[in-house]
4 protein chains.
Amino acid sequence: MTYKVAVAGCTGYAGGELLRLLLQHPEVEIGALTGNSSAGERLGALQPHLAPLADRVVAPTTAEELSGHDVVFLALPHGTSAAIAQQLGDDALIVDAGADFRLSDADEWERFYGSPHAGTWPYGLPELPGAREALAGARRIAVPGCYPTASTLALLPAVAAGLIDATQVSIVAASGTSGAGKAAKPHLLGSEVMGNMSPYGVGGLHRHTPEIAQNLRTVTDGDVTVSFTPLLAPMPRGILATCSAPIVGDVTTADAREAYAAFYAEEPFVTLLDDGQWPQTAAIVGSNRATVQVVVDPTARRLIVISAIDNLTKGTAGGAIQSMNIALGLPEATGLSTVGVAP
Amino acid sequence: MTYKVAVAGCTGYAGGELLRLLLQHPEVEIGALTGNSSAGERLGALQPHLAPLADRVVAPTTAEELSGHDVVFLALPHGTSAAIAQQLGDDALIVDAGADFRLSDADEWERFYGSPHAGTWPYGLPELPGAREALAGARRIAVPGCYPTASTLALLPAVAAGLIDATQVSIVAASGTSGAGKAAKPHLLGSEVMGNMSPYGVGGLHRHTPEIAQNLRTVTDGDVTVSFTPLLAPMPRGILATCSAPIVGDVTTADAREAYAAFYAEEPFVTLLDDGQWPQTAAIVGSNRATVQVVVDPTARRLIVISAIDNLTKGTAGGAIQSMNIALGLPEATGLSTVGVAP
Amino acid sequence: MTYKVAVAGCTGYAGGELLRLLLQHPEVEIGALTGNSSAGERLGALQPHLAPLADRVVAPTTAEELSGHDVVFLALPHGTSAAIAQQLGDDALIVDAGADFRLSDADEWERFYGSPHAGTWPYGLPELPGAREALAGARRIAVPGCYPTASTLALLPAVAAGLIDATQVSIVAASGTSGAGKAAKPHLLGSEVMGNMSPYGVGGLHRHTPEIAQNLRTVTDGDVTVSFTPLLAPMPRGILATCSAPIVGDVTTADAREAYAAFYAEEPFVTLLDDGQWPQTAAIVGSNRATVQVVVDPTARRLIVISAIDNLTKGTAGGAIQSMNIALGLPEATGLSTVGVAP
Amino acid sequence: MTYKVAVAGCTGYAGGELLRLLLQHPEVEIGALTGNSSAGERLGALQPHLAPLADRVVAPTTAEELSGHDVVFLALPHGTSAAIAQQLGDDALIVDAGADFRLSDADEWERFYGSPHAGTWPYGLPELPGAREALAGARRIAVPGCYPTASTLALLPAVAAGLIDATQVSIVAASGTSGAGKAAKPHLLGSEVMGNMSPYGVGGLHRHTPEIAQNLRTVTDGDVTVSFTPLLAPMPRGILATCSAPIVGDVTTADAREAYAAFYAEEPFVTLLDDGQWPQTAAIVGSNRATVQVVVDPTARRLIVISAIDNLTKGTAGGAIQSMNIALGLPEATGLSTVGVAP
């Protein structure tokens, strides 16, 4: 069976990556492509890399255009998904790449997003314990944020195995600029970002902070506190997350590697790298793969774990399609690749 | 039927790109992977983006390792292919990504390469008139150089239609650094190339110069003279070729677009862009697509045509596989994509 | 004596570079700094690299703010300089980094800029024959465009010496993104420009085209026709101009080098590189130096000459200060450097 | 008085930056320039950005060539400085940009460098309490490592004021590729580093780790333990150090800003940025300035402090000259600038 899919917000980076991946997915047919200010324009001018869709015309983002599809991907600003979901009803699988339905704690939502909580949808990170069960047959999916995907995959086995003090987690994650979207802002100009490393949202302000903690809490009964510092790096794609926390007891690198190897043994899209190899973003560009490496610094008595993902693929569009596959009962890796485009 | 393929020189950039594409080719099985100084090492450490091949061990490049395959790709320094081809015999299809068998004029070869001419193999640029016929069933294929692919696709329709004075062709082509290979040289260090545009091989010295002229001569009886200046650009992949020549008579932009549209009407991997759109390398990264746009400057009385390709894909590995498909009688686009990885 | 200077348009890239250079100029005192939408803001937030000016507040761009200075630099959109100049009178030296007063041919101006011609000011390219005489004591200076600076310095000796057919000049010039300014536009986002080479203004449309031809006409009585193609390169600064034209007679590389060496023998900011070395933008970043190399391709019968400048320094702010020095009777190199910031 | 200075190791990145800065230093005259494999070559081909020194010929690195200078800068591989220093005697001020004499603890030295400890020289970080007194009149100076400079300047006020638990310090520092030097290695190729973030020396292995701890111990009697993770970033220059540690008691952002403002009130080359502004490497490229910003995350109960320096300037050559100025009794900022080259 072929599923008819629509993409709302097809002109941005998340929408473009969804389409790039859907074009190579054997079980889908691409239906409506909608946008906002670009409605009426040809996609060829807006997403010149999507050659097979060049002649498609962008439709306006309305429930009418989006109805009649088996799957609707929403790559929209947060705050807009609830209304569309209500209008589309439960026939369609709605996969929201935005933030609206990620957080389960309404207070946290309101504190970080400043608007009323819209609810919670099944969370599209299959590697979380229990997630696949919740996603199977789901009609609604909240796609995780890109930083939470990278950070959670890095830390989950350590928290689950009790290797670290989860109240002292520190994450410094460098992201490519596509994570900041396609809206033109002066500080995102090429002239500004090339040759430049810069932080933002420092001090616990970034909205992905509570989402990371929420994910880690799924594998521990203890407290979880996360310090998260995002950096803008001079590259278009990729996240490198450097995570650390104090070790518990006399945990060694060997202990950690064993725990990670066991945790990810069956995961198709997470690789614990060989001893001596470290994640690098270039190796996973365009792929749905997360790479992870872990070590214990015995002097600092700290576990350091580093992960790399493509923020647009595993961090957004690839993760979304992986979850869609599970929801639809398709083999989870359908249409997704572990092969990166390098150099 | 599944074809068993080997890749000699699997650790370099051309070899890596061949493997990236072969991994998604439905009709091949990847056999021997050979290298030189890295024989005995795991591919995971050398090509970390090729996740499915991480556990493969690099074999030495010998006729013994390479025998028993239906197709053998050679991604080796020039001067080494003839000996291997001889040892492998005519059972295998040998696709040489190197230069040894590209030029038909032995004098030109010796002048530019400084060694005896080894011969001429069917030339793997299917878009050249007559090329598909020559490639069908071929047992030997010489893969074009990356600059010749970009330049030839840009200029071929103009020369064929007699729109320009082909004795006054000027080409300035900017290439990503992967075109210079993976051997560590000081001027290719990241510290040197980032933020830097630099020329090399200026004044007719680059070895791709006679190959471009040879290609253009296939569509004209007149003289062809090419001035070719390559530039190193601060990006890993992509070639942007800016080509120009004096127009003949009163050729207009409309005339030129018409000639180009007709010439490439049936080509699966060459796109004449819509009026107003120009090639950019980012849109074709990782794809086998060449994009082309043409205009006539009526004041300068000059036709300017610009093309973009990925030097590793359409310019090397993708073009090689496209030609392999033709030689094997497979649909030409098998395993190849027109979708780029952007941003 | 210390000259009091104002900079109108201090928040853009040209304004920022003027201030960077003026801060190290021993004979000036920095007075009013004016802007438009940023009036009232501290410069520290807008130009964080200009540490000594961090506490300065941006004033509005009015004649009142700009009066009372010995020198006023205008780094403003074209079309705005004439009114300001009139209001300031002839007491101040006005140095216009914009285009308004560069072209002497009113028809050319109107054709390329679509507005009435405002007049012609002394042209601030000291290397043009006669320019220093015109600039000495001048009260008005039109700073050349960045592409015309790079292209003119590359071609001037060849045209002056009659080495090339000046009716067949072809220029392909790659520029860093700062040349496109600081206004946020989607195609200038870091995500778009990194890893990307793209052309624009192809086919004789770029406004710098007639300015280049005008400059070359100062050294020949013959016709001059220029084909000019600008490229956007993935780097913040720098222009690499690849220029070529058919040679006249049997001109050799030795002839060309001799002509260039003689032409630039006394120039403090133009270097004909040693035989075998080629211009690269990284070597001149932040400096006021132009580097040039020339060769004749005997097969193509074409002279190829390549130049590199920093578009913001020699191409805008450095050239402006060099001309200011001449106008004020200061040593021409005061406050300017030939040392680049590399790597 | 003019000081005659020699630079041993003039062809690398540290040597090149020393020369760039020395060329604009009003009190020095550049004497011998020495190298190793490049002895006999012209500097113009090796450091093309140093225009005024283009005709200088590289001499071999011998005591004979280096004698007769007031100041000798050593930009050499570690392990080579002691022998040269001995041969030159105490007449010359020797400024070692290498690691040999940085660490005071012989055991730490041997553990991280694997060779016998050569001794300890006055440490060239003037911002350390007591450092200026030790440097005044010194005949030997050990220039700090680039990461220690960035990390120490970020953390010093917090440790001195007892704001943080110094046994739980975590540092993640992203560096431009010039920090890895000019020796050609495959993983430093432009093709590899562009678009790539990658870690190295993870788990307490990097040799700068004990140096950072040693510096922080100068302002506390308590224990200091540092977890340090260096990242390679796709840019030529700059370090962005993200440092954090648990706060002590109820320290607030206001407390922290007050402590930092007081600590750096008189420092010419360290700027605590305005509230709301964060360090970015682009703003300090080519300058001797360190920028710092600090915040307390009250949820994570963690102080986060971020600093930016140019690894080659404040992190190596600028810091070296700053210390030289102190040793020679010159005003500390002579020949150094706080102005960056941006964009």
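Those residues that are assigned to a loop (DSSP other than H, G, I, E, B) and more than 27 Å from D:Thr167 (Cβ to Cβ), I need them from the range D:301-321; list them, please. Those that are assigned to a loop (DSSP other than H, G, I, E, B) and more than 27 Å from D:Thr167 (Cβ to Cβ): D:Asp310, D:Asn311, D:Leu312. Hey, among B:Pro210, B:Pro199, B:Pro157, which residue is within 14 Å of chain D (Cβ to nearest Cβ) and over 18 Å from D:Gly195 (Cα atoms)? Step by step, each of B:Pro210, B:Pro199, B:Pro157 is checked, and only B:Pro199 is within 14 Å of chain D (Cβ to nearest Cβ) and over 18 Å from D:Gly195 (Cα atoms).
Looking across the range D:48-59, the residues that are over 15 Å from C:Ser337 (Cβ atoms) and open to solvent by 10 Å² or more (accessible area, probe 1.4 Å) come down to D:Asp55, D:Arg56, D:Val57, D:Ala59. One residue stands out in the range A:276-321 among those that are charged (D, E, K, R) and open to solvent by 10 Å² or more (accessible area, probe 1.4 Å): the one that is farthest from the other protein chains (Cβ to nearest Cβ), namely A:Arg301. Residue pairs whose Cβ atoms lie under 7 Å apart, sitting 6 or more positions apart in sequence or on different chains, and linking a residue in the range C:269-298 that is farther than 22 Å from C:Pro246 by Cβ to a partner that is open to solvent by less than 10 Å² (accessible area, probe 1.4 Å) and at pLDDT below 95, do not occur here.
Residue selection: C:Thr252 satisfies the criterion of being open to solvent by 40 Å² or more (accessible area, probe 1.4 Å), among the hydroxyl-bearing types (Ser, Thr, Tyr) and within 14 Å of another protein chain (Cβ to nearest Cβ). When D:Thr229, D:Thr271, D:Thr242 are screened for being of a type in the set (S, T, N, Q), more than 14 Å from chain A (Cβ to nearest Cβ) and part of a strand (DSSP E or B), only D:Thr271 passes. Name every residue in the range A:160-193 that is part of a helix (DSSP H, G or I) and open to solvent by 10 Å² or more (accessible area, probe 1.4 Å), in order of residue number. Answer for the range A:160-193, where residues must be part of a helix (DSSP H, G or I) and open to solvent by 10 Å² or more (accessible area, probe 1.4 Å): A:Ala160, A:Gly179, A:Ala180, A:Pro186, A:His187, A:Glu192.
Would you pick out the residues in the range D:195-206 that are in contact with a Gly (Cβ under 9 Å, 6 or more places away or on another chain) and either modelled with pLDDT under 95 or open to solvent by 20 Å² or more (accessible area, probe 1.4 Å) (or both)? Outline the logic, then answer.
Within the range D:195-206, the subset in contact with a Gly (Cβ under 9 Å, 6 or more places away or on another chain) is D:195-197.
Within the range D:195-206, just D:Gly195 meets the criteria.
Within the range D:140-159, the residues that satisfy the criterion of being closer than 21 Å to D:Gly204 by Cβ and part of a loop (DSSP other than H, G, I, E, B) are D:Pro144, D:Gly145. Put simply, of C:Arg257, C:Arg237 the only residue that is among the charged types (D, E, K, R), in contact with a helix residue (DSSP H, G or I) (Cβ under 8 Å, 6 or more places away or on another chain) and at pLDDT 95 or above is C:Arg237.
The condition of being over 30 Å from A:Gly40 (Cα atoms) and open to solvent by 10 Å² or more (accessible area, probe 1.4 Å) holds for only one of A:Ala150, A:Ala118, that being A:Ala118.
When the range B:275-300 is filtered for residues that are in contact with a Pro (Cβ under 9 Å, 6 or more places away or on another chain), β-branched (Val, Ile, Thr) and in a strand (DSSP E or B), the ones remaining, listed by number, are B:Thr291, B:Val292, B:Val294. Of the residues that make up the range D:302-309, is at least one over 21 Å from C:Ala54 (Cβ atoms) and without any contact (Cβ under 8 Å) to a residue 40 or more places away in the chain? Within the range D:302-309, none of the residues are over 21 Å from C:Ala54 (Cβ atoms) and without any contact (Cβ under 8 Å) to a residue 40 or more places away in the chain.
Only residues that are surrounded by fewer than 24 Cβ atoms within 10 Å (Cβ to Cβ) and acidic (Asp, Glu): list them for the range B:207-249, please. Listed by number, the residues that qualify are B:Asp221, B:Asp223. Would the range A:3-18 turn up any residue that is among the aliphatic types (A, V, I, L, M), in contact with a strand residue (DSSP E or B) (Cβ under 6 Å, 6 or more places away or on another chain) and within 14 Å of chain B (Cβ to nearest Cβ)? Checking the range A:3-18: at least one residue is among the aliphatic types (A, V, I, L, M), in contact with a strand residue (DSSP E or B) (Cβ under 6 Å, 6 or more places away or on another chain) and within 14 Å of chain B (Cβ to nearest Cβ). Within the range C:110-127, residues that are touching a residue at least 24 places away in the same chain (Cβ under 8 Å) and assigned to a helix (DSSP H, G or I) have Cβ atoms under 9 Å from residues that are open to solvent by less than 30 Å² (accessible area, probe 1.4 Å) and hydroxyl-bearing (Ser, Thr, Tyr) in these pairs: C:Phe112/C:Thr209, counting only partners at least 6 apart in sequence or on another chain.
Which one of these is more than 21 Å from D:Ala342 (Cα to Cα), open to solvent by 60 Å² or more (accessible area, probe 1.4 Å) and not polar (S, T, N, Q): C:Asp70, C:Asp90? Full working, then the answer.
Details: C:Asp70 fails: open to solvent by 60 Å² or more (accessible area, probe 1.4 Å).
Exactly one residue qualifies, and that residue is C:Asp90.
Looking at D:Ala254, D:Ala259, which one is touching a residue at least 24 places away in the same chain (Cβ under 8 Å) and part of a helix (DSSP H, G or I)? Quick ask: steps written out before the conclusion?
On the way: D:Ala254 fails: touching a residue at least 24 places away in the same chain (Cβ under 8 Å).
After applying the criteria, what remains is D:Ala259.
For the range D:82-108, a tally of residues being part of a helix (DSSP H, G or I) and touching a residue at least 12 places away in the same chain (Cβ under 8 Å) returns 6. Of the residues making up the range B:160-179, those that are within 14 Å of chain D (Cβ to nearest Cβ) and in contact with a Phe, Trp or Tyr (Cβ under 9 Å, 6 or more places away or on another chain) are B:Ser175, B:Ser178, B:Gly179. Candidates in the range C:10-24 are the residues that are in a loop (DSSP other than H, G, I, E, B) and open to solvent by 10 Å² or more (accessible area, probe 1.4 Å); of these, the one that is nearest to C:Thr177 (Cα to Cα) is C:Gly12. When the range A:180-196 is filtered for residues that are at negative phi and within 7 Å of another protein chain (Cβ to nearest Cβ), the ones remaining, listed by number, are A:Lys182, A:Ala184, A:Lys185, A:Pro186, A:Leu188, A:Leu189, A:Gly190, A:Ser191, A:Glu192, A:Val193, A:Met194, A:Asn196.
The values are calculated or read from the model by the stated rules, or taken from the named source; none is laboratory data. Note that the structure is a prediction, hence the values are computed from the model and not measured. Ideal geometry is used to build each Cβ from the backbone, glycine not excepted, and the neighbour counts take in all protein chains shown. To get the accessible areas, we keep the full protein, side chains included, count just its heavy atoms, and leave off ligands, DNA and RNA. Shrake-Rupley method; radii C 1.70, N 1.55, O 1.52, S 1.80 Å.
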